[in-house]
Amino acid sequence: MTDQPLHFLPDLPEQEILDALNAAPGNEVKSGKLASSESSSALAVNAFGWFLKRPEALPPLPRLAAAWPAREVRLEAELRFPWSGGRHPWLDAVIVTDTHLIGIESKRYEPFRPRKKGPGFSDAYDRPVWGDAMTAFCSVRDELKAGSLRYKSLDAPQLVKHAFGLRSAVHREGGPFQGLKPVLVYLYAEPRAWPDGRPVDASRLSTHRSECEHFIRRTAGDEVEFLTLDYVGLVKDWASGKDPGPTLHAGRLAKAFDIG
């Protein structure tokens with residue numbers, strides 16, 4: 001894909017998607033980032049935007065079939081920590097079922113670029129508000145802060161913060177997600193080439209997969225379940241169902257974003 005004007009795949013609720021993007025702090029639309037040929041947000045909103053008005057049509061995600069059907073799909077959803085002020089996590093998509101709150105963090109080219117030092121953890125994250133069932137995520141937080149744990153491709157601080165946001169949401173008394181099971185799904189693409197034709201370094205792809213597996217092991221058993229999924233698998237799953245709507249959408253998504 002080359003840089004092009006902002007567009008959406010057919011049969012998507014464009015205004016609802018734009019409203020969600022404009023409400024988020026990333027400034028994806030006005031900045032022009034959404035129209036970039038490397039935009040991760042463009043992939044995510046095109047993938048899940050089709051289900052905004054038809055959540056019941058969303059096929060079950062792998063390993064989460066028992067939680068289905070979906071009753072709500074949101075784009076660019078903020079999950080606030082149990083305090084006011086400061087920055088709070090925004091998920092690319094949120095899926096709500098009768099039993100689960102599923103946050104989607106989507107990546108496209110980001111893991112394969114040179115890593116920039118992103119925002120770390122302020123002292124606020126050390127507050128004892130995460131409960132006794134988040135000790136693994138807290139341990140990862142502490143090791144990342146100390147520098148004893150490092151990832152080359154995986155944005156682990158962001159994932160820890162997302163997990164804290166999901167945990168906060170399901171424990172917020174009177175909130176819309178109270179009592180649901182929190183799950184964080186890390187959904188990533190593995191592009192074969194950059195938009196200018198240069199191949200993506202195969203060693204970076206391998207490192208990223210290894211770091212995903214490491215993060216799964218490090219956070220296993222905590223209240224927030226962490227799962228990984230690649231876009232190739234997602235598109236194949238959507239295309240293999242009996243419902244012609246998601247099947248057609250999956251084919252369009254794969255062609256537009258060179259998935260497969």
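The values are calculated or read from the model by the stated rules, or taken from the named source; none is laboratory data. Bear in mind the structure is a predicted one, so any value in this text is a computation, not a measurement. Please note: Cβ atoms are built from the backbone with ideal geometry, for glycine as well, and neighbour counts cover all protein chains shown.
Tally up the residues in the stretch 135-166 that are charged (D, E, K, R), closer than 20 Å to GLU76 by Cβ, touching a Gly at 6+ places or on another chain (Cβ under 7 Å) and in a helix (DSSP H, G or I), please.
Count: 0.
Residues checked against (1) over 23 Å from PHE8 (Cβ atoms); (2) part of a helix (DSSP H, G or I); (3) not small (Gly, Ala, Ser):
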position: LEU184; (1), (2), (3): yes, no, yes
position: GLU223; (1), (2), (3): yes, no, yes
position: VAL232; (1), (2), (3): no, yes, yes
position: LEU248; (1), (2), (3): no, yes, yes
position: LYS255; (1), (2), (3): no, yes, yes
position: GLY260; (1), (2), (3): no, no, no
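Tally the residues that are among the β-branched types (Val, Ile, Thr) and either assigned to a loop (DSSP other than H, G, I, E, B) or under 15 Å from the mean Cα position of the chain (by Cα) (or both), restricting the search to the stretch 167-182.
If we filter the stretch 167-182 for residues that are among the β-branched types (Val, Ile, Thr), which is where we start, we get 170.
Pick out the ones that are also either assigned to a loop (DSSP other than H, G, I, E, B) or under 15 Å from the mean Cα position of the chain (by Cα) (or both) and you get none.
Number of matching residues: 0.
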Qualifying positions in the stretch 225-259 - closer than 19 Å to ALA193 by Cα, touching a residue at least 40 places away in the same chain (Cβ under 8 Å) and not small (Gly, Ala, Ser):
ASP230, TYR231, VAL232, LEU253, PHE257, ASP258, ILE259
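Quick check on ARG141: is it crowded, with 17+ Cβ neighbours inside 10 Å and without any contact (Cβ under 8 Å) to a residue 24 or more places away in the chain? Step through it out loud before you land on a result.
Working: crowded, with 17+ Cβ neighbours inside 10 Å: yes; without any contact (Cβ under 8 Å) to a residue 24 or more places away in the chain: yes.
So ARG141 fits the description; yes.
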Only one of PRO89, PRO62 that is under 16 Å from the mean Cα position of the chain (by Cα), at pLDDT below 95 and under 20 Å from ARG172 (Cβ atoms):
PRO89
Mind checking whether some residue in the stretch 212-222 is in contact (Cβ under 8 Å) with a residue 12 or more places away in the chain, closer than 23 Å to PHE112 by Cβ and aromatic (Phe, Trp, Tyr)?
yes
Of the conditions (1) without any contact (Cβ under 8 Å) to a residue 60 or more places away in the chain; (2) loosely packed, with under 14 Cβ neighbours inside 10 Å, ALA133 clears all except one; give me its number.
(1)
Taking the residues in the stretch 1-55 that are within 25 Å of ASP230 (Cα to Cα), assigned to a loop (DSSP other than H, G, I, E, B) and in contact with a strand residue (DSSP E or B) (Cβ under 8 Å, 6 or more places away or on another chain) as candidates, determine which candidate is modelled with the lowest pLDDT.
GLY26
In this structure, is PHE226 over 18 Å from ALA67 (Cβ atoms), modelled with pLDDT of 95 or more and surrounded by 18 or more Cβ atoms within 10 Å (Cβ to Cβ)?
no
